[in-house]
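Novice: First the structure, which I've put down as structure tokens, then a few questions once you've had a look.
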Amino acid sequence: TQLQCTNEGWRFELRLDRKRVFAGDSVNARLRVIDPAGNACFGLEPLMGAFAHIVGFLDDRQTMIHVHSHGDPPHELSRSGPEVPFRFSAPRSGFLKLFVQTQVGGTVLLAKFGLPVETVPGSGEPSR
């Protein structure tokens, strides 16, 4: 499990509303961004109509998820941070790799996370 990431001095934390993620359940998440100086980032810029783009891939190499941060599409001069909310759901159990794109100062930043998605007890879904 990896819920923290550092990229070019920027720190990213993935905060989930639960300790365990189950297949098919909606998960409320927040991406927290810290700049290289250790300060909370309030300068997230819109990138393709959202403050964060999230793509996830399960280890079955067939299942992909794609979500955007919550809220109406921001105006191009809008700024956000240090936390950006979003919601996701993995349709199957397995190991989920999440890639999150944000933008600050015209530079696109990428954060990488990974977490297990468990089978719902009694669901009949085979364990992987």
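The values are calculated or read from the model by the stated rules, or taken from the named source; none is laboratory data. From a predicted model like this one, the values you see are computed outputs, not experimental measurements. FYI the Cβ positions are ideal-geometry reconstructions off the backbone, even for glycines, and counts take in every protein chain you see. Heads up: the accessible areas ignore ligands, DNA and RNA and are worked out on the full protein's heavy atoms, side chains in. Shrake-Rupley method; radii C 1.70, N 1.55, O 1.52, S 1.80 Å.
Novice: Taking LEU98, is it among the hydrophobic types (A, V, I, L, M, F, W, C) and open to solvent by less than 60 Å² (accessible area, probe 1.4 Å)?
Specialist: Answer is yes for this residue.
Novice: I've got another one for you. Mind checking which residues of segment 36-49 are within 16 Å of the chain's Cα centre (by Cα) and in a strand (DSSP E or B)?
Specialist: Within segment 36-49, LEU44, LEU47 meet the criteria.
Novice: Another question, then. Taking into account only those residues within segment 1-35 that are of a type in the set (Lys, Arg) and not in a strand (DSSP E or B), which is nearest to PRO121 (Cα to Cα)?
Specialist: My answer is ARG20.
Novice: Can you go through ARG30, ARG79, ARG87 and tell me which one is at pLDDT 95 or above and surrounded by fewer than 16 Cβ atoms within 10 Å (Cβ to Cβ)?
Specialist: Every option except ARG87 fails the conditions.
Novice: Which ones in segment 6-23 are farther than 13 Å from PRO116 by Cα and surrounded by 14 or more Cβ atoms within 10 Å (Cβ to Cβ)?
Specialist: Across segment 6-23, the qualifying residues are TRP10, ARG11, PHE12, GLU13, LEU14.
Novice: So ASP72 fits all but one of (1) open to solvent by 70 Å² or more (accessible area, probe 1.4 Å); (2) touching a Phe, Trp or Tyr at 6+ places or on another chain (Cβ under 8 Å); what number is the exception?
Specialist: Unmet for ASP72, out of (1) open to solvent by 70 Å² or more (accessible area, probe 1.4 Å); (2) touching a Phe, Trp or Tyr at 6+ places or on another chain (Cβ under 8 Å): (2).
Novice: ALA111 passes all but one of (1) open to solvent by less than 80 Å² (accessible area, probe 1.4 Å); (2) part of a loop (DSSP other than H, G, I, E, B); which number fails?
Specialist: So the condition that ALA111 fails would be (2).
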